[in-house]
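Worksheet: the structure to be examined is printed underneath.
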């Protein structure tokens, strides 16, 4: 076989390999899961930050008697794990069927229970921020609610990522609440005309032995 024929064959092989690599990479990218952290611009969000460096936070929230876009009332139950220095957020507008920010003046009560989980001994000092609003207003710390409280550590969880699950099913909500038992706080959240939210403490952080029932 002449040298020119061999060179042409090698060139063809290289082109085929390059095409296969490009097609394979495109197929791989198409199989990648959607980014679950994305939110819709203009929607009303609620976020919780864990500022502590020595423990995870297991936080369960119940948003009570909030109006859906169709006018009916519902409860939203959320179960979250927040790593040291981590954050979770939920899209309340999407949960309630709204396209964009919740109507100005919308208000609802949010009950929240928090357990600290870590490898330490003694007491953990919870250091959390609850804040909300549209995405461009979400980090307005002047309207945020800072929750600080001390409680004993619970064993470190095997969960190693920030995550949050929401449901409007009371049975699943009861499962979220089962077993959580330390810090309880109750907040009133009101949506403002500019897309921010105002958070008012109704019940200060207290120790509780049973989450279900408030």
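In this structure, residue 201 does not satisfy being in the same structural domain as residue 63 (by TED's automatic domain parsing), part of a loop (DSSP other than H, G, I, E, B) and out of contact with any helix residue (DSSP H, G or I) (no Cβ under 9 Å at 6 or more places or on another chain). Residue under question is residue 157, and the condition is that it be surrounded by 13 or more Cβ atoms within 10 Å (Cβ to Cβ), part of a strand (DSSP E or B) and either on the phi < 0 side of the Ramachandran plot or touching a helix residue (DSSP H, G or I) at 6+ places or on another chain (Cβ under 8 Å) (or both); does it hold? It is false that residue 157 is surrounded by 13 or more Cβ atoms within 10 Å (Cβ to Cβ), part of a strand (DSSP E or B) and either on the phi < 0 side of the Ramachandran plot or touching a helix residue (DSSP H, G or I) at 6+ places or on another chain (Cβ under 8 Å) (or both). Return yes when residue 103 is buried (at least 18 other Cβ atoms within 10 Å of the Cβ) and modelled with pLDDT of 95 or more and no when it is not. Here the answer is no, as residue 103 does not meet what is asked. Please go through (1) part of a loop (DSSP other than H, G, I, E, B); (2) farther than 19 Å from residue 41 by Cβ; (3) touching a helix residue (DSSP H, G or I) at 6+ places or on another chain (Cβ under 8 Å) for residue 79 and return the number of the only condition it doesn't satisfy. The single condition residue 79 does not satisfy is (1). Among the residues in segment 5-17, are any modelled with pLDDT of 95 or more and not in a strand (DSSP E or B)? Scanning segment 5-17, I find no residue that is modelled with pLDDT of 95 or more and not in a strand (DSSP E or B), so the answer is no.
The values are calculated or read from the model by the stated rules, or taken from the named source; none is laboratory data. The structure presented is a predicted model; accordingly, all values stated were derived computationally and were not measured. As a convention, Cβ positions derive from the backbone with ideal geometry for all residues, glycine included, and neighbour counts pool all protein chains shown.
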